[in-house]
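Pasting a structure here, questions to come.
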Amino acid sequence: MEENPKTKILMVCLGNICRSPLAEGIMRQKIEERNLHADVRSSGTSSYHESEPADPRTISTARRHGLDITRHRASQFAIKDFDRYDMIFVMDKSNYQNVVRLARNDNDRRKVRMIMNMTTAGKNTDVPDPYYSGSDGFELVYSMLDEACDKIADEIEKR
Ligand code: 4NP
């Protein structure tokens, strides 16, 4: 085994075109800025948007904050992701149920966390689904995820 393996992070939402690709972009920037020994990817619990780029509103929100997520293509969460990732952050309670339902054991289950519990522990706050909202919804999602990703970066730094 590698002595100091990279921490592998997965961000998960429903469609993998709005919240989790933004979370991935934000986290990737923090990994680079803070020089963390970590990798990040994202997926969705549904296959609705398989292989599609992020929603245009997600791409423009990311760009406003200096992130290029144009290369993102949506993929569906799979059971083998429990083996590939160390930390699995879900955006809302529905994603949590959908991912935990696929867990094979306690080790799998322990990897899954509500992302906003990084800033408000134990509250199980949802990152609101912005798919049917205006651009305000995307900005709110950005600011929530930016705060949560800072906490994730802090945790990885302490490892
Ligand atoms: P996301 O948003 O889960 O943040 O990517 C959604 C995207 C698409 C749908 C729902 C939520 N949809 O129903 O197609």
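Using the heavy atoms of the protein chains and a 1.4 angstrom probe, tell me the accessible area per residue for the range 7-158 in square angstrom.
It amounts to 49 Å² per residue over the range 7-158.
Would you work out if the range 28-72 is rounded, prolate or oblate? Take a ≥ b ≥ c from the square roots of the eigenvalues of the alpha-carbon gyration tensor; rounded if a/c is under 1.5, else prolate when a/b is larger than b/c, oblate otherwise.
Note, shape of the range 28-72 comes out oblate.
Take every Cα-Cα pair in the range 28-116 and report what % of them are more than 20 Å apart.
The proportion of pairs with Cα distances above 20 Å equals 44 percent.
Here's something else I'd like to know. Could you name the lysines in cross-link range of Lys8, using Cα to Cα under 17 Å and dropping any fewer than eight places away on the same chain?
Of all the lysines, those that pass the test against Lys8 - Cα under 17 Å, at least 8 places apart if same chain - are Lys30, Lys80, Lys111, Lys151, Lys158.
A further question follows. May I ask you to give the percent of accessible area on the range 7-158 that is carbon plus sulfur, with a probe radius of 1.4 Å?
Here carbon and sulfur together make up 46 percent of the probe-accessible area.
Something else: So what are the three principal axis dimensions of the range 7-158 from its Cα atoms, in whole Å, longest to shortest?
Extents along the principal axes, in whole Å: 39, 35, 29.
Sorted by mean Cβ packing within 10 Å, highest first, what order do the peptides 85-97, 119-131, 137-149, 49-61 take?
Output ranking for 85-97, 119-131, 137-149, 49-61: 85-97, 137-149, 49-61, 119-131.
Please state the shape class of the range 1-49: rounded when a/c is under 1.5, otherwise prolate if a/b exceeds b/c and oblate if not, all from the C-alpha gyration tensor.
It is oblate, given that a/c is not under 1.5 and a/b is not larger than b/c.
The values are calculated or read from the model by the stated rules, or taken from the named source; none is laboratory data. What you see is a predicted model, and the numbers here were worked out from it, not measured in a lab. Note: ideal-geometry Cβ built from the backbone for every residue, glycine included; neighbour counts use all protein chains shown. Each accessible area value is taken on the protein alone, full model and side chains, heavy atoms only, with ligands, DNA and RNA left out. Shrake-Rupley method; radii C 1.70, N 1.55, O 1.52, S 1.80 Å.
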